[in-house]
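To keep things clear, I will list the structure first and then write my remarks on it.
The values are calculated or read from the model by the stated rules, or taken from the named source; none is laboratory data. The shown structure was predicted, so the numbers you read here are calculated from the model rather than taken from an experiment. Glycine also receives a Cβ, built like all others from the backbone with ideal geometry; neighbour counts cover every protein chain displayed.
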Amino acid sequence: MKWIVIIGIVCTIAVQNIFFGMQGNEGSPVIDSDNITTEEDCSCPEISVNWESKEHGDKGQWLRDTPALPKNWLYDGVIYETHPYYYQGHSFKEITKQIPELKGLGVKTIYLMPIWKHRGEHPLAIYCIYDYYEIDPRFGTPEDLKELINTAHKHNIRVILDLVTGYAIPGSVVYNNNWTIRIKLRELQEKAQELGWELKYGTYEGQPVVYYGCKWTKPRKCEVFGRIVGDEVILHHYPRVDWGPAVDRTNPELIEYLTEVAVYYVKEYDIDGFRLDAPQNNWNPKIVPGDHSILQLLESIEEAIKRIKPSAILISESPYLEVLESERIPDPLLDETCAASYSYYFWINLIYGGIKTSGDLIRVLASEKIWYNRTRIRFLETHDTERINKIAPQLKEPYTVLISTIPGIPMIQAGQEIGAKNPYSEDPEVDWIEGDHEFNKFIKRLLQIRNGNNALKYGSIENVWKGGDNAYAYMREYGDEKVFVVLNLQAKEISVVLDLPVENGSTLYDLLNKERFVVNDSTNFKVDLPAYGARLFTLEDMSPPLLSIEKPRKGYFHIFDRAWLPIGITIILGKITIIANVIDESGIEKVEFYVDGDLKFTDHEAPYEWLWDERVIGKHEVKVIAHDIFGNRGEDKINVIIFKIFNLGGK
């Protein structure tokens, strides 16, 4: 009788399967600094300062004995900086098409550079925005952008957009509404006289200008530069006058406009947050009195977007309101509203030779000011810099390991994962076919390790180098988890002695190279590394992953990917998402999905699932096998009866 009922149900709703199925699947050594150029004003000499945590009470964050870091979604994986200009067709659709590959790479956040109508054809002209409500049609339609975001979300990837608040261009909404920093010409002349400045006058873009103390080299900097309009002077960004007129970020109307822009993209496009471009102060206090900083604007935006989407965040290109240009590190005031900020301070020390030893590495990290338990974004290149594979190709592997294993969030620029050499500012388009795909495999494995290891995501850092050849050697520790990282930055094989807090007789497993080492003397553990090599050690775990198939539910009748009622046997009508719950403290390398012994799909990151959407009828065995990073295996299987006549495609 049971079988008659079941067959009757199948016949009754078979036709409906056509229509529902067609709707698709829902949910689910030192570098030569002469070869380095940057577009942003981020350069500074090597800096060495004392940690100032105690001065600011609970704002400070120590690298040892610190409370557990907040586990917001930024920590989950790498940030991927991209834009349509990195692709041949300059389109949103090309980024959307790449999203499955980005998931496989370990990307958890896409940072999309400015996508709105802008002035000029230079790649960096995208930052000269006219109107935040007008998406540049050269990149695609609003629907194309929504498709990009929805596709990213289906692959468990967040998307953030850029906000440019420091400067505006003539003809833009901000400029036309007079939300710029202005001063009366007579007042400027009086202040200049008090300062002993001899103002000069000329024309710029057909307009009369006044200026003083200018350096016309790239980047162009002036003590003051402004456009004369009637009896007023519209002041340009200080000190980067070539960026255009400075925005008064404390103007109430400007704050309201940009807050509404942020709310609009969270509501209408389901954006997950924003990156703040060039947030530093943009006026010369010798000329302009008062506070015109970004702080009030950021408070307004953060409060507004979190009311709509509590998980939404802000990140910043810098945690400081001042530019790094002296031995004093400014207070990171933007840490109050921004979940993470770029660390140009670390990047400068690394690229310009300020980190020569493992001890230097720990000291530089300890000297970073970090408030409110925030974190820093680690990078080797951005759209403003040269490519690492151009200035130091031999270091791209160990340096990539470095930014992926020190405290913070790793970020890579589109094309970096295949060793692109052309900088964005000169030639943004990436040759996606002829890239270094071996390096791509290396990064995939590295980020897979990083994303699955709590010590690398949240842990403290400590120097473990004791002797032998020079190398970076440090331990990341979080609870009971420990990872030991050793990096060789030399063009020769080296031998290093480490002091490790492990028991003699322990077995260490090299996660990168899949090799095992027995520790006979933990206080003098000797390890060899090839030229520019890297090792990631952790204590070996012999226990298999714990795995259970959550869906389909055993003994239930399923219709169109949903469990409806218990019937004692597992029957599936239509497509079904096979979902596996996998637990393993050491980290999962991959999860494989089989039907009748045939491998159908391999997933490399949680959630572990596969949409079974093939044309299939009858009794079949579904098996899932999980492999951890040590080679241990766990599995589960279920016998099902499935009726799936129409093949509608799927994951």
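Here's the yes/no breakdown for (1) over 14 Å from I234 (Cα atoms); (2) in contact with a Ser or Thr (Cβ under 9 Å, 6 or more places away or on another chain); (3) β-branched (V, I, T):
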position: R119; (1), (2), (3): yes, yes, no
position: L148; (1), (2), (3): yes, yes, no
position: A152; (1), (2), (3): yes, yes, no
position: A168; (1), (2), (3): no, yes, no
position: N178; (1), (2), (3): no, no, no
position: E187; (1), (2), (3): no, no, no
position: G196; (1), (2), (3): yes, no, no
position: G202; (1), (2), (3): yes, no, no
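Could you say whether any residue in the range 303-322 is at pLDDT below 95, surrounded by 14 or more Cβ atoms within 10 Å (Cβ to Cβ) and of a type in the set (D, E, K, R)?
Yes, the range 303-322 has at least one match.
Here's the yes/no breakdown for (1) within 15 Å of A455 (Cβ to Cβ); (2) part of a strand (DSSP E or B); (3) at pLDDT 95 or above:
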site	(1), (2), (3)
R476	yes, yes, yes
V485	yes, yes, yes
A491	no, no, yes
V496	no, yes, yes
L500	yes, no, yes
G505	no, no, no
Y509	yes, yes, no
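So which of E438, E397, E426 ends up being out of contact with any His (no Cβ under 6 Å at 6 or more places or on another chain) and either in a loop (DSSP other than H, G, I, E, B) or surrounded by 23 or more Cβ atoms within 10 Å (Cβ to Cβ) (or both)? Even if it seems obvious, please write down each step before you answer.
Details: E438 fails: either in a loop (DSSP other than H, G, I, E, B) or surrounded by 23 or more Cβ atoms within 10 Å (Cβ to Cβ) (or both); E397 fails: either in a loop (DSSP other than H, G, I, E, B) or surrounded by 23 or more Cβ atoms within 10 Å (Cβ to Cβ) (or both).
One residue alone meets the criteria, E426.
I'd like to know if the range 586-597 contains one or more residues that are within 22 Å of P544 (Cβ to Cβ), among the charged types (D, E, K, R), crowded, with 18+ Cβ neighbours inside 10 Å and at pLDDT 90 or above.
yes
So which of N150, N156, N176 ends up being among the polar types (S, T, N, Q), within 20 Å of the chain's Cα centre (by Cα) and at pLDDT 95 or above?
Values: N156 fails: at pLDDT 95 or above; N176 fails: within 20 Å of the chain's Cα centre (by Cα).
Of the residues listed, the single one that is among the polar types (S, T, N, Q), within 20 Å of the chain's Cα centre (by Cα) and at pLDDT 95 or above is N150.
Do we have any residue at all in the range 412-424 that's among the hydroxyl-bearing types (S, T, Y), over 12 Å from Y86 (Cβ atoms) and in the same structural domain as I370 (by TED's automatic domain parsing)?
Within the range 412-424 (the criterion being among the hydroxyl-bearing types (S, T, Y), over 12 Å from Y86 (Cβ atoms) and in the same structural domain as I370 (by TED's automatic domain parsing)), the answer is no, since none of the residues qualifies.
Restricting to the range 219-256, name every residue that is hydroxyl-bearing (S, T, Y) and in contact with a helix residue (DSSP H, G or I) (Cβ under 7 Å, 6 or more places away or on another chain). Steps first, please.
Taking the range 219-256 and keeping what is hydroxyl-bearing (S, T, Y), we get 238, 250.
Across the range 219-256, the qualifying residue is only T250.
Of (1) buried (at least 20 other Cβ atoms within 10 Å of the Cβ); (2) within 26 Å of R445 (Cβ to Cβ); (3) in contact with a helix residue (DSSP H, G or I) (Cβ under 7 Å, 6 or more places away or on another chain), P114 satisfies all except one. Which?
Going through (1) buried (at least 20 other Cβ atoms within 10 Å of the Cβ); (2) within 26 Å of R445 (Cβ to Cβ); (3) in contact with a helix residue (DSSP H, G or I) (Cβ under 7 Å, 6 or more places away or on another chain) one by one, P114 breaks only (2).
Whether any residue in the range 636-646 is of a type in the set (A, V, I, L, M) and touching a helix residue (DSSP H, G or I) at 6+ places or on another chain (Cβ under 8 Å) is what I want to check. Don't jump to the end; show me each part of the working.
Going through the range 636-646, the residues of a type in the set (A, V, I, L, M) turn out to be 638, 640-642, 645.
Subsequent filtering for residues that are touching a helix residue (DSSP H, G or I) at 6+ places or on another chain (Cβ under 8 Å) retains 645.
Within the range 636-646 (the criterion being of a type in the set (A, V, I, L, M) and touching a helix residue (DSSP H, G or I) at 6+ places or on another chain (Cβ under 8 Å)), the answer is yes, since at least one residue qualifies.
Name the one entry in I409, I388 that is β-branched (V, I, T), under 28 Å from D469 (Cα atoms) and in contact with a Leu (Cβ under 8 Å, 6 or more places away or on another chain).
On the way: I409 fails: under 28 Å from D469 (Cα atoms).
The match here is I388.
Just to verify a result, which residue in the range 455-505, among those that are over 24 Å from the mean Cα position of the chain (by Cα) and among the polar types (S, T, N, Q), is surrounded by the fewest Cβ atoms within 10 Å (Cβ to Cβ)?
Out of the qualifying residues, it is N504.
Pull up the range 116-165, narrow it to residues that are in contact with a Lys or Arg (Cβ under 7 Å, 6 or more places away or on another chain), part of a loop (DSSP other than H, G, I, E, B) and β-branched (V, I, T), then point me to the one that is farthest from P310 (Cα to Cα).
T165
Confirm whether V640 is at pLDDT 90 or above, surrounded by 15 or more Cβ atoms within 10 Å (Cβ to Cβ) and closer than 20 Å to L511 by Cα. Break it down into steps so the answer makes sense when it comes.
Values: at pLDDT 90 or above: yes; surrounded by 15 or more Cβ atoms within 10 Å (Cβ to Cβ): yes; closer than 20 Å to L511 by Cα: no.
When the stated conditions are applied, V640 does not pass them.
Could you list, ordered by first residue, the pairs with Cβ atoms under 6 Å in which the first is in the range 469-489 and at negative phi and the second is acidic (D, E), at least 6 apart or interchain?
If the second residue must be acidic (D, E), the pairs left are M475/E462.
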